[in-house]
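Visitor: So that we are looking at the same thing, I have put the structure below in structure tokens.
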Amino acid sequence: MKRIIILSPGRQVYLIEQFKKYFAVAIADNSQYALDTFVGVAKHKMPRYKDEKYAECLLNAIKEEEADFILSLSDLEIPILSSLSSKINSLGCS
């Protein structure tokens, strides 16, 4: 089964449940409250996206989960993911 990390899921439990039908799902968020909303998924507490340690934490989560895909539900993270695309791709993740 393919593995996906979903960033900033907020409280969108219904959406994560749909992804769980097709992927091994991990989530990553900077809010412990958001992480506590979900069951049956791996969870990663992230720093805020502007934090200097964000990229390091994200890449570590990708390695740890052996993720095939990464998806952000926050448009604020898209430029960061774009700037890290070569590093993300080098880990075998799209």
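Visitor: Just to verify a number: what accessible area does Phe23 come out at with the full protein assembly present, 1.4 Å probe, Å² rounded to tens?
Guide: Surface open to solvent at Phe23 totals about 50 Å².
Visitor: Could you give me the ³J(HN,Hα) list for the stretch 28-45, computed from phi with Karplus coefficients 6.51, -1.76, 1.60 and θ = phi - 60°, whole Hz, x at Gly and Pro?
Guide: 9, 8, 8, 9, 5, 4, 5, 4, 5, 5, 9, 10, x, 9, 6, 10, 10, 7
Visitor: Name the residue from Ala55, Leu76, Val39 whose Cα lies farthest towards the positive end of the charge dipole of the chain, charges +1 on Cβ of Lys and Arg and -1 on Cβ of Asp and Glu.
Guide: Toward the positive end, the furthest listed residue is Val39.
Visitor: If you roll a 1.4 Å probe over the chain with all protein chains in place, what percent of the accessible area is carbon or sulfur?
Guide: 51 percent
Visitor: Which residue, Lys43, Lys21, Lys63, has the most motion in a Gaussian network model of the chain that connects Cα atoms within less than 10 Å?
Guide: Lys21
Visitor: So, one more: Enumerate the amide H contacts of His44 below 5 Å, restricted to partners 5 or more residues apart or on another chain; note that Pro and chain-start residues carry no placed amide H.
Guide: Residues meeting the criterion, in which the H sits 1.01 Å from N, are Ile27, Ala28, Asp29.
Visitor: So between Cys57 and Glu17, what do we pick up on full extension, going 0.36 nm a residue minus the alpha carbon distance?
Guide: Taking Cys57 through Glu17 to full extension adds about 12.0 nm, to one decimal.
Visitor: Considering the values (1) 1.30; (2) 1.20; (3) 0.98, which represents Cα Rg over 2.2 N^0.38 Å as calculated for the structure under consideration?
Guide: Only one listed value fits the structure, namely (3).
Visitor: Relative to the Cα centre, what is the charge dipole magnitude of the stretch 22-94, using +1 at the beta carbon of each Lys and Arg, -1 at the beta carbon of each Asp and Glu, and rounding to the nearest 20 debye?
Guide: 120 debye
Visitor: Could you rank the peptides 4-10, 79-85, 44-50 by their average count of other C-beta atoms within 10 Å per residue, with the highest value first?
Guide: Highest mean packing first, the order is 4-10, 44-50, 79-85.
Visitor: Set the bar at 20 Å for Cα to Cα. Now go through Lys21/Lys87; Lys20/Lys50; Lys50/Lys87; Lys21/Lys43 and name every pair that lies beyond it.
Guide: Correct reply: Lys21/Lys87; Lys20/Lys50.
Visitor: Over the chain, give the accessible area per residue in Å² for a 1.4 Å probe, as an integer.
Guide: Ligands and nucleic acids excluded, the result is 60 Å² per residue.
The values are calculated or read from the model by the stated rules, or taken from the named source; none is laboratory data. Owing to the predicted nature of the structure, the values given are computational and were not obtained by experimental measurement. Counting neighbours? That spans all protein chains shown, and the Cβs are built from the backbone with ideal geometry, glycine included. All accessible areas refer to the heavy atoms of the entire protein, side chains included, with ligands and DNA or RNA removed. Shrake-Rupley method; radii C 1.70, N 1.55, O 1.52, S 1.80 Å.
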